[in-house]
1. Go through the stretch 97-125 and give me each residue that's β-branched (Val, Ile, Thr), in contact with a Gly (Cβ under 7 Å, 6 or more places away or on another chain) and in a loop (DSSP other than H, G, I, E, B).
2. Tell me yes or no: at least one residue of the stretch 84-93 is within 13 Å of the ligand (Cβ to nearest atom), under 21 Å from the mean Cα position of the chain (by Cα) and open to solvent by 20 Å² or more (accessible area, probe 1.4 Å).
3. Name the pairs: first residue in the stretch 71-96 and farther than 20 Å from residue 370 by Cα and assigned to a strand (DSSP E or B), second residue open to solvent by 10 Å² or more (accessible area, probe 1.4 Å) and within 16 Å of the ligand (Cβ to nearest atom), Cβ to Cβ under 6 Å, at least 6 apart or on different chains?
4. So, in the stretch 169-199, of the ones that are within 21 Å of the chain's Cα centre (by Cα) and in a helix (DSSP H, G or I), which residue ends up surrounded by the fewest Cβ atoms within 10 Å (Cβ to Cβ)?
5. Pick from 78, 99: which is within 16 Å of the ligand (Cβ to nearest atom), surrounded by 24 or more Cβ atoms within 10 Å (Cβ to Cβ) and of a type in the set (A, V, I, L, M, F, W, C)?
6. Report the residue count in the stretch 247-268 for those that are open to solvent by less than 50 Å² (accessible area, probe 1.4 Å) and closer than 17 Å to residue 312 by Cα.
7. Which condition from (1) of a type in the set (Gly, Ala, Ser); (2) crowded, with 22+ Cβ neighbours inside 10 Å; (3) out of contact with any Lys or Arg (no Cβ under 6 Å at 6 or more places or on another chain) is the one that residue 10 breaks?
8. For residue 129, only one of the following conditions fails: (1) farther than 20 Å from residue 25 by Cα; (2) within 16 Å of the ligand (Cβ to nearest atom); (3) among the aromatic types (Phe, Trp, Tyr); (4) touching a Leu at 6+ places or on another chain (Cβ under 8 Å). What is its number?
Amino acid sequence: MDANTSAADAAFLADFATMSLFGATGAGGVDRQAASAADIEQRRWFAGLLESHGFTVEYDRIANQFGLLELVPGAPYVIVGSHMDSQPTAGKFDGAYGVLAAAHSAFRLKEAWESGSETPVYNLAVVNWFNEEGSRFAPSMMGSSVYTGKMALETALAVTDHEGITVEHALADTGFVGTGDGPLAIGCAEIHIEQGRLLENAKVNIGLVTATWAASKYRIVVNGAQAHSGATVMEDRQDALFGAALLVVAARRLADRFPGRLHTAIGQLDVYPNSPVVVASQVTLLLDLRSGDEDVLREADEILASTFAEIETDAKVTVVRDLSHSWGINPYQPAGVDVSRSSAEALGLSHMDIMTVAGHDSTNMKDLVPTVMLFVPSVDGISHNEGEYTKDEDLVAGLAVMADVTRRLVLGELAPTTSESEEKELS
Ligand SMILES: [Zn+2]
């Protein structure tokens, strides 16, 4: 690295330290759920950062935040970024790193292009997608889902949090709700922490994401009957919490049947009435199944359905399941993986192909335009935890690749094929 690059890297790390102060928790993490005070404050700070580098800040109608750099009047935009919202008591790298790496990539490129050495063919937009995490307002990836037309704006704005506050209400008076649909995309790139330990185990700097794991997300309601928790004889009980507990165990045992190939989780339980002397009458759970193999996911779904019948008999409850959200294995454009591979090689960084288990905003974007997704290592694979950590050297290596990928995209190296642009017009 030359002295100049080191100064640019130091500037990046300093901005990252500043951005991590918003919603900072005692144990080194952040709590920055979508449209919370910390999220709002951080977005204001980020707008200022973009403006101070000569970018124009704009919002679409679902509050996605864009920093626009117009290089070719009227041309579409290469959109680079991630999300700055977090889970409650989460790590400071998830999403936030990707937004800042995209911004600093854009700052470096703007400077280079101002010297006139290369001729961009597209414009460049840095994005901070609204509500990627979906912890306060479900589902996740809300902003990019609306942007890509996968979720209706009205549906997203009407989603409520636990207190009954709608997205629309939470965003009112923030100044983050625009009147348009955001810049027109021609390509996209996102960099993110891996949130797993494959890169670390392989001692590799950069993950080139080739595809997403498939996922099925269910909302499950277990219905029983409210009763006195002391007086009601055991055989008369229709205990919804007992049924839910069996389901929690069943989900875990299901994953054990497909070692390394299936991830299952129940991340939320709402118990009613959740009172000390009452047998619960209703429990609502959110269950996720994920796999890198669609056949495994299908088989797991079938096993789960038969488990429900057993639980209904065992706990004298009914189990109702709605599919709330699902996606299949979905490849990123191979030409984009090639672009990122050649960037990593040009920079002398080790790399490997990898699939993403988690959903990302780029998962949505890749269905709209050619999209590149990059990973940097997560120490011990820890994520959605205040102990999430990525080393500085990995952060700046990822930034270098991100800047080079962004440069290539803006120079037109990953132009959509004719059939892709026709498809987009038709959909
Ligand atoms: Zn994320």
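The values are calculated or read from the model by the stated rules, or taken from the named source; none is laboratory data. Fair warning: this is a prediction, and the values are worked out from it, not measured in the lab. All Cβ positions, glycine included, derive from the backbone under ideal geometry; neighbour counts span all protein chains shown. All accessible areas refer to the heavy atoms of the entire protein, side chains included, with ligands and DNA or RNA removed. Shrake-Rupley method; radii C 1.70, N 1.55, O 1.52, S 1.80 Å.
1. Narrowing the stretch 97-125 to residues β-branched (Val, Ile, Thr): 99, 119, 121.
Next cut, in contact with a Gly (Cβ under 7 Å, 6 or more places away or on another chain) only: 99, 121.
Once the filter is applied, which keeps residues that are β-branched (Val, Ile, Thr), in contact with a Gly (Cβ under 7 Å, 6 or more places away or on another chain) and in a loop (DSSP other than H, G, I, E, B), the stretch 97-125 yields only 121.
2. Among the residues of the stretch 84-93, at least one is within 13 Å of the ligand (Cβ to nearest atom), under 21 Å from the mean Cα position of the chain (by Cα) and open to solvent by 20 Å² or more (accessible area, probe 1.4 Å), which makes the answer yes.
3. 90/384
4. Among them, the one singled out is 198.
5. Details: 78 fails: within 16 Å of the ligand (Cβ to nearest atom).
Result: 99 is the single residue among 78, 99 that is within 16 Å of the ligand (Cβ to nearest atom), surrounded by 24 or more Cβ atoms within 10 Å (Cβ to Cβ) and of a type in the set (A, V, I, L, M, F, W, C).
6. Final tally of qualifying residues: 3.
7. Tallying (1) of a type in the set (Gly, Ala, Ser); (2) crowded, with 22+ Cβ neighbours inside 10 Å; (3) out of contact with any Lys or Arg (no Cβ under 6 Å at 6 or more places or on another chain), residue 10 fails exactly one: (2).
8. For residue 129, the exception is condition (4).
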